[in-house]
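The values are calculated or read from the model by the stated rules, or taken from the named source; none is laboratory data. As the structure is a prediction and not an experimental result, all values here were calculated from the model. With ideal geometry, Cβ positions are generated from the backbone for all residues, glycine too; neighbour counts draw on all protein chains shown. Calculation scope for accessible area: heavy atoms of the full protein, side chains included, ligands and nucleic acids excluded. Shrake-Rupley method; radii C 1.70, N 1.55, O 1.52, S 1.80 Å.
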Amino acid sequence: MSETLFSKIIRREIAADIVYEDDEILAFRDIDPKAPCHVLFIPKTPIATLDDAGPEQAALLGRLMLEAAAYARREGFAERGYRVVMNCRDEGGQSVYHIHLHLLAGRQMGWPPG
Ligand code: 5GP
């Protein structure tokens with residue numbers, strides 16, 4: 001898999017507003033936020049798309065969700081609600097091919113998405 005700019009963010013070669021980090025996961029604010037709170041949760045080991053993930057990554061994918069939920073709770077969004085989204089490939093709207101979970105919060109979300 002060719003490297004994306006998210007690997008450079010992990011290595012601190014590109015600046016990002018990092019809000020959470022552990023051994024497996026990094027979370028940082030989206031550079032072009034679509035909501036008052038817009039954070040990307042990424043695995044430190046790159047996986048290009050959700051379609052490229054396998055059963056061996058089930059726990060890691062679950063952890064992305066749980067860390068997003070924990071962050072939303074810490075930031076006071078749990079009761080009001082929020083959205084998590086993972087775009088997959090072109091028609092899914094994916095632009096960076098290093099899997100990432102969007103956490104969007106702080107405004108009313110619409111449905112269906114555009
Ligand atoms: P996708 O469209 O692949 O689901 O989401 C990629 C996200 O990465 C977009 O929301 C975009 O704004 C964000 N993004 C792209 N380049 C950068 C960057 O250099 N820094 C940060 N923090 N976010 C970025």
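Once every DSSP H run of n ≥ 4 in the chain is given -39500 (n - 2.57) and the sum is divided by its residues, what mean residue ellipticity at 222 nm do you get, rounded to the nearest 500 deg cm²/dmol?
-6500 deg cm²/dmol
Accessible area of the chain with a 1.4 Å probe: how many percent of it is carbon plus sulfur? Display every interim value, and only then the final one.
Working: 3530 of 6770 Å².
That share works out to 52 percent.
Got a number for the accessible area of residue 82? Probe 1.4 Å, square angstrom, nearest 10.
Answer for residue 82: close to 90 Å² accessible.
Roughly how tilted is helix 58-74, in degrees to the nearest 10 and between 0 and 90, from the longest Cα axis of the chain?
Helix 58-74 and the main axis of the chain meet at about 30 degrees.
Rolling a 1.4 angstrom probe over the protein heavy atoms, how many square angstrom per residue are accessible across the chain?
Averaged over the residues of the chain, the accessible area is 59 Å².
Using a 10 angstrom cutoff on alpha carbons, build the Gaussian network for the chain and name the most mobile of 43, 33, 55.
Its mean-square fluctuation being the largest, the pick is 55.
At 0.36 nm per residue, minus the direct Cα-Cα distance, what do residue 50 and residue 32 gain on full extension? Give it in nm, one decimal, please.
The residue 50-residue 32 span can extend by a further 4.3 nm.
Is the range 1-53 best put as rounded, prolate or oblate by its Cα gyration tensor, with a ≥ b ≥ c the root eigenvalues, rounded for a/c under 1.5, and otherwise prolate when a/b is larger than b/c, oblate when not?
Judged from the Cα gyration tensor, the range 1-53 comes out prolate (a/c at least 1.5, a/b above b/c).
Identify, among 9, 62, 33, the residue whose Cα sits farthest towards the positive end of the charge dipole of the chain, taking +1 on the Cβ of Lys and Arg and -1 on the Cβ of Asp and Glu, with the dipole about the Cα centre.
33
Just reorder 11, 63, 80 by solvent-accessible area, largest first, 1.4 Å probe, all chains present. Kindly include the intermediate steps, with their values, before the conclusion.
On the way: 11 115, 63 65, 80 170 Å².
Largest to smallest exposure gives the sequence 80, 11, 63.
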